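Shown next, in structure tokens, is the structure this report addresses.
The values are calculated or read from the model by the stated rules, or taken from the named source; none is laboratory data. Since the structure is predicted, the reported quantities are computational estimates derived from the model, not experimental observations. Cβ placement follows ideal geometry from the backbone for every residue including glycine, while neighbour counts extend to all protein chains displayed.
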Amino acid sequence: MAGYLRCAPIVLARAPATRLYDALAVNESADKAMGDDKLKLIAAELITEVRKSVTIDWTLREGVRAKIRVMVKRILNKCGYPPDLQEEAVKTVFQQAELLCVEWVS
């Protein structure tokens, strides 16, 4: 956990919803296709659902990680996130969730 804090101090200073929004908006074509308001709604839903799913050892348990990945993909599909951009978005959202879990489970 200390490695997360050391490698991303600026990222951790931001609100969770902002971090996930940024993770989704990294791809400019997704940002243009979805629009600011839609990405904000997706980020808020992701925060709510991922937070419910994390446990103290979730990063070590592949079953829990797989469940969260599927849940993120379902939310992106439901909200109309471009399919060709989803895999990268899932990876980025997952990385942010790993950073955020330090705050959520403590």
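Quick notes on this structure:
- Test: residue in the stretch 64-73 that is exposed (fewer than 15 other Cβ atoms within 10 Å of the Cβ), over 12 Å from Phe94 (Cα atoms) and out of contact with any Phe, Trp or Tyr (no Cβ under 9 Å at 6 or more places or on another chain): no
- Looking only at residues in the stretch 80-93 that are part of a loop (DSSP other than H, G, I, E, B) and exposed (fewer than 15 other Cβ atoms within 10 Å of the Cβ), the one that is modelled with the lowest pLDDT is Pro82.
- Of residues in the stretch 16-38 being outside any helix (DSSP H, G or I) and loosely packed, with under 15 Cβ neighbours inside 10 Å, the one modelled with the highest pLDDT: Gly35
- Residue check: Asn77 meets all listed conditions (1) surrounded by fewer than 19 Cβ atoms within 10 Å (Cβ to Cβ); (2) closer than 20 Å to Lys32 by Cβ; (3) touching a residue at least 12 places away in the same chain (Cβ under 8 Å) but one, namely (3).
- Scope the stretch 39-76; condition part of a loop (DSSP other than H, G, I, E, B) and of a type in the set (S, T, N, Q); matching residues: Thr55, Thr59
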